[in-house]
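The next block holds one structure in the form of structure tokens; read it before the comments.
The values are calculated or read from the model by the stated rules, or taken from the named source; none is laboratory data. Note that the structure is predicted; figures quoted are calculated from it, not measured. Here the Cβ is made from the backbone with ideal geometry for all residues, glycine too, and neighbour counts use every protein chain on show.
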Amino acid sequence: MDESGGSGRWHESVIDLIGDTPMVRLRRVAEGLAPAVVAKLEYFNPGGSSKDRIALRMILAAEEAGLLRPGGTVVEPTSGNTGVGLALVAQQRGYRCLFTCPDKVSTDKIAVLRAYGAEVRVCPASVPVDHPDSYRSTAARLAAEIPGAFSPNQYANAANPESHYRTTGPEIWSRSRGGVTHFVAGVGTGGTISGTGRYLKEVSGGRVRVIGADPDGSVYSGGTGRPYVVEGVGQPSLPGSYDPAVPDRIIKVSDADSIAMTRRLAREEGILTGGSGGMAVAAALEAARDAGPDDVVVVLVPDSGRGYLSKIFDDAWTERFGFADQSGEGARVSDLLDRQNPRRELVFVGPHESVTAAVKLMRERNLTHLLVASAPPPVRLPEIQGVLTPAALARSLARGAVGPDDQVADHMEPPPPPAGTGRLAADVLATLADAGATAAVAVAGGLPEGLVTEADVLALLG
């Protein structure tokens, strides 16, 4: 046997391993459904996701067009996976990489980017996409400032959907021997569903139905782009890489359903993927309910779950954000809410409101906590920026540190910590102590449900 393992051949680079990922039938999570539901596992790409495909084609296209030259810098706003793909390809071809990420991206994914030698700038996820501090605006500014920089701009680069048209689509058609009848994929930049879907529709004469999976809150399924927990999918606006004529249907999936399916895939199918993979499979199962026994539903699972171990697969995290109940006996946060009569409502004020107006509102509504949010109700958890309390304002007033025309943002305290409605009430006291807070936001499925205070917990436990 020779050093190549006996085949007499080997790959010259890891980028030669991109594509030709396997497909496996889902049996347990799809039990009872008539059609075959088959997952295409993109985490078998060397960078661990489907983004390796677009990274390779975007860089090669840039070289061919003279937009990227030796010693240049690749600058891209990315939630992680595209950055890994770009880093892999760029390091093999001699380029520096600089990425911007929203702060909701897991620390694991940012660490992976840095491990590949990339530089990472973390930006706030709660600001609008056109805000100068957003991760996209920051990347655009850096690309303009750095000599020899090139921004692939996966959101508008034609090489994004083209990579899937040339590789992902043909692979699915070949592996299914032309039997695929439905193709399901999460919609992020839109490149996967547009390129793969276009190929499958063309080669099948329009027979294949193309279905997008979208997080609740994203524009693809009619949302406004408000924050959601699942990473790497959904958009606040339609990107240029998305062809709205390709999908036949968009299925909206909640964060709670996406995360529940993600955990089921690991425990029942041995498929460790991220929240976007769970979201896509949840949508595929819904689509499969309307399909027949001769149909084949192929769902693209875009990445590995190893970047989400500290979040989706961590019990403490899912309990804290209301995606799972904490084990153990005793009263829970939901019991605290039920005992409030009337229930303490969540009242919000904008960060640019005056302190005078905020104090007036607190007096009128007899509020002990006035939440500060970057968007109007219904407010999502990432949009809660801080809180005002009478005690803290009184201390500032006593020092002469507050003016009547000051903005709320200048005097708010950190936002109350989240406490899932299934958490044990006794543990909430420890959470409040750790955060130095007097109240917590009760959360169910990642969405704010109410406000619970130290007094609520003590009254219930006492």
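Quick check on my filter: what residues within region 16-46 are part of a loop (DSSP other than H, G, I, E, B) and under 20 Å from VAL112 (Cα atoms)?
ILE18, ASN45, PRO46
Picking from residues in region 267-317 that are basic (Lys, Arg) and in a helix (DSSP H, G or I), the one that is surrounded by the most Cβ atoms within 10 Å (Cβ to Cβ) is ARG306.
A quick yes/no check of all residues on (1) assigned to a loop (DSSP other than H, G, I, E, B); (2) acidic (Asp, Glu); (3) in contact with a strand residue (DSSP E or B) (Cβ under 7 Å, 6 or more places away or on another chain):
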site	(1), (2), (3)
GLY328	yes, no, yes
THR356	no, no, no
LEU361	no, no, yes
PRO377	yes, no, yes
SER396	no, no, no
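Of all the residues in region 398-407, those that are over 19 Å from THR368 (Cβ atoms) and outside any loop (DSSP other than H, G, I, E, B) number 1. Among the residues of region 390-413, at least one is of a type in the set (Val, Ile, Thr) and farther than 30 Å from SER327 by Cα. Scanning region 426-446 for residues that are surrounded by fewer than 21 Cβ atoms within 10 Å (Cβ to Cβ) and among the hydrophobic types (A, V, I, L, M, F, W, C) yields ALA426, LEU429, ALA430, LEU432, ALA433, ALA435, ALA437, ALA444. Scanning region 124-148 for residues that are crowded, with 18+ Cβ neighbours inside 10 Å and of a type in the set (A, V, I, L, M) yields ALA139, LEU142, ALA143.
Just to check your reading of the model, which residue among ARG207, ARG166, ARG177, ARG136 is assigned to a loop (DSSP other than H, G, I, E, B), touching a residue at least 24 places away in the same chain (Cβ under 8 Å) and either aromatic (Phe, Trp, Tyr) or out of contact with any helix residue (DSSP H, G or I) (no Cβ under 6 Å at 6 or more places or on another chain) (or both)? Outline the logic, then answer.
On the way: ARG166 fails: assigned to a loop (DSSP other than H, G, I, E, B); ARG177 fails: touching a residue at least 24 places away in the same chain (Cβ under 8 Å); ARG136 fails: assigned to a loop (DSSP other than H, G, I, E, B).
Being assigned to a loop (DSSP other than H, G, I, E, B), touching a residue at least 24 places away in the same chain (Cβ under 8 Å) and either aromatic (Phe, Trp, Tyr) or out of contact with any helix residue (DSSP H, G or I) (no Cβ under 6 Å at 6 or more places or on another chain) (or both) holds for just one of ARG207, ARG166, ARG177, ARG136, which is ARG207.
Scan region 102-131 residue by residue and report those that are assigned to a strand (DSSP E or B), at pLDDT 90 or above and touching a helix residue (DSSP H, G or I) at 6+ places or on another chain (Cβ under 8 Å). Give the steps one after another, and end with the answer.
To start, the set of residues in region 102-131 that are assigned to a strand (DSSP E or B) comprises 102, 119-123.
If we keep only those that are at pLDDT 90 or above as well, we get 119-123.
Hits for region 102-131 are VAL120, ARG121, VAL122, CYS123.
What are the residues in region 180-198 that are in a helix (DSSP H, G or I) and either surrounded by 24 or more Cβ atoms within 10 Å (Cβ to Cβ) or aliphatic (A, V, I, L, M) (or both), if any? Passing the criteria: GLY191, THR192, ILE193, SER194, GLY195, THR196, GLY197.
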